[in-house]
Amino acid sequence: MILEMKVPSPGESIKEVEIATWLVKDGDYVEKDQAIAEVDSDKATLELPAEASGIITLKAEEGDAVAVGAVVCLIDTAAAKPAGDAPVAQAAKTVEAPKAEVKAEAQKAAPAPTYASGTPSPAARKILDEKNIAPASITGTGKDGRITKDDAVNAVPSMGTPTGGSRGSERTKLSMLRRKVAERLVAAKNETAMLTTFNEVNMTPINMIRNEYKDAFKAKHGGVGLGYMSFFTKAVTRALQLYPDVNSMMDGDHKIAFDFCDISIAVSGPKGLMVPVVRNAENLTFRGVEADIKRLAIKARDGQITVDDMTGGTFTITNGGVFGSMLSTPIINPPQSGILGMHNIIERPIAVNGKVEIHPMMYVALSYDHRIIDGRESVGFLVAVKEALENPMELLMENNPKKALEL
């Protein structure tokens with residue numbers, strides 16, 4: 001019996017996936033529930049398990065975009081499992097012969113030079129003139145060897161005479177996830193009235209709390225560390241409640257306001273940027289925030305993040321400081337209206353009560369959609385975040401750090 005394996009739906013809004021990697025070869029014997037492929041959607045990378053045991057025949061190549069519900073492989077469930085671990089050999093299949101045939105066909109198809117060879121079309125000539133490229137340096141792909149407009153567009157100017165060293169290049173197709181990220185970022189720039197406001201935070205109070213309680217916190221909560229993200233998440237949820245317009249989004253001519261804070265945390269995974277969501281962060285304790293971020297970060301690192309983990313979110317926090325960024329203008333994660341950018345911590349001299357002191361300082365940035373958030377709300381929001389981070393004992397811990405940290 002031949003079983004047709006179709007692409008399952010990774011999520012309600014996803015209509016197409018891409019075959020990222022086949023984990024088996026054509027003709028292999030596979031076991032039921034064995035992972036046979038990794039598929040990329042615009043949300044995440046997921047494993048495709050075999051629906052039955054048998055010999056597999058692949059119907060799609062790596063890099064192919066296939067519709068949800070399309071057949072990607074066949075499994076012959078009547079085939080016997082081969083002895084040992086060796087895959088079933090593919091009968092009468094050769095690779096070199098087709099390559100030789102393709103080469104012969106290519107040689108046969110190559111046209112002999114004619115009077116038209118190397119002659120650009122008017123549109124191609126205009127492009128080549130703008131690029132300052134001589135037509136003689138281009139091989140035309142048009143009829144009788146003519147240089148087409150596409151040939152001219154794809155032509156690269158000479159970079160001069162090489163003086164030694166490697167000059168190789170590689171052209172690779174972007175994953176579906178990376179293409180979707182690029183599409184969303186461009187849309188955010190083009191479709192929102194995005195502005196960025198900045199401030200700075202003295203991290204001394206947070207560092208003092210972490211230095212005093214981080215060991216006890218980690219020991220008490222099963223290896224969950226007391227990091228900066230819990231302080232920033234708590235400060236953000238407090239500020240969102242003070243300035244609810246920042247916790248809203250545009251929907252056509254309407255504004256959708258939320259009475260909960262689902263905080264998207266931007267993380268860098270093996271497949272690119274991902275933004276898993278910490279749900280109802282306003283109700284979480286420091287331990288709850290740190291544990292949820294750790295759980296999501298591990299899933300992203302291991303490629304186990306799901307669509308549900310990244311769906312929704314009312315506000316985003318991104319930390320470029322872990323890579324050494326001093327200052328940036330983060331791009332809004334649509335359809336959200338705001339994103340907070342954290343940066344690296346640098347000891348700098350600042351004035352404190354009329355005296356110069358050295359303190360660990362961080363620049364913070366809030367990018368926001370000016371269509372829905374005015375300057376007063378954006379600046380007030382960022383000031384509220386700064387106030388909470390510089391006075392966490394009172395504003396985030398009710399003057400009882402042991403109770404707040406559940407020690």
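Readers should treat all values here as calculations from the given coordinates under stated rules, not as data from a laboratory. The structure displayed is predicted, hence computed values, not measured ones. Neighbour counts run over all protein chains shown; Cβ positions are idealised from the backbone, glycine included.
Tabulated results
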{"quantity": "Distance violations [Cα-Cα > 28 Å] among 180/299; 59/299; 15/173", "calculated": "59/299"}
{"quantity": "Mean residue ellipticity (222 nm) of the chain, computed from DSSP H runs ≥ 4 via -39,500 (n - 2.57), nearest 500", "calculated": "-9000 deg cm²/dmol"}
{"quantity": "Shape of the stretch 272-337, Cα gyration tensor, a/c cut at 1.5", "calculated": "rounded"}
{"quantity": "Whichever aspartates and glutamates have a C-alpha closer than 19 Å to that of residue 218, once near sequence neighbours (fewer than 8 apart) are set aside", "calculated": "290, 292, 406"}
{"quantity": "Qualifying aspartates and glutamates (Cα of each under 19 Å from Cα of residue 131; at least 8 residues distant if same chain)", "calculated": "150, 151"}
{"quantity": "Interatomic Cα distance distribution for the chain, bins of 20 angstrom, percent", "calculated": "20, 38, 32, 10, 0"}
{"quantity": "Mean Cα-pair separation over length for the chain, i.e. relative contact order, pairs under 8 Å, 6 or more apart, %", "calculated": "15 percent"}
{"quantity": "Above-threshold pairs, the threshold being 26 Å between Cα atoms, out of 214/355; 25/81; 234/355", "calculated": "214/355; 234/355"}
{"quantity": "Coil-residue GluC sites (Glu not before Pro) of the stretch 312-407, DSSP, other Cβ within 10 Å capped at 10", "calculated": "398"}
{"quantity": "Long-range HN-HN contacts of residue 325 with modeled amide H, under 5 Å", "calculated": "344"}
{"quantity": "Nearest 10 degrees, 0 to 90: helix 204-220 Cα axis against the chain principal axis", "calculated": "70 degrees"}
{"quantity": "GluC sites (Glu not before Pro) lying in DSSP loop within the stretch 127-218, provided at most 10 other Cβ fall within 10 Å", "calculated": "170"}
{"quantity": "The stretch 163-273 - percent relative contact order, Cα under 8 Å, separation 6 or more", "calculated": "22 percent"}
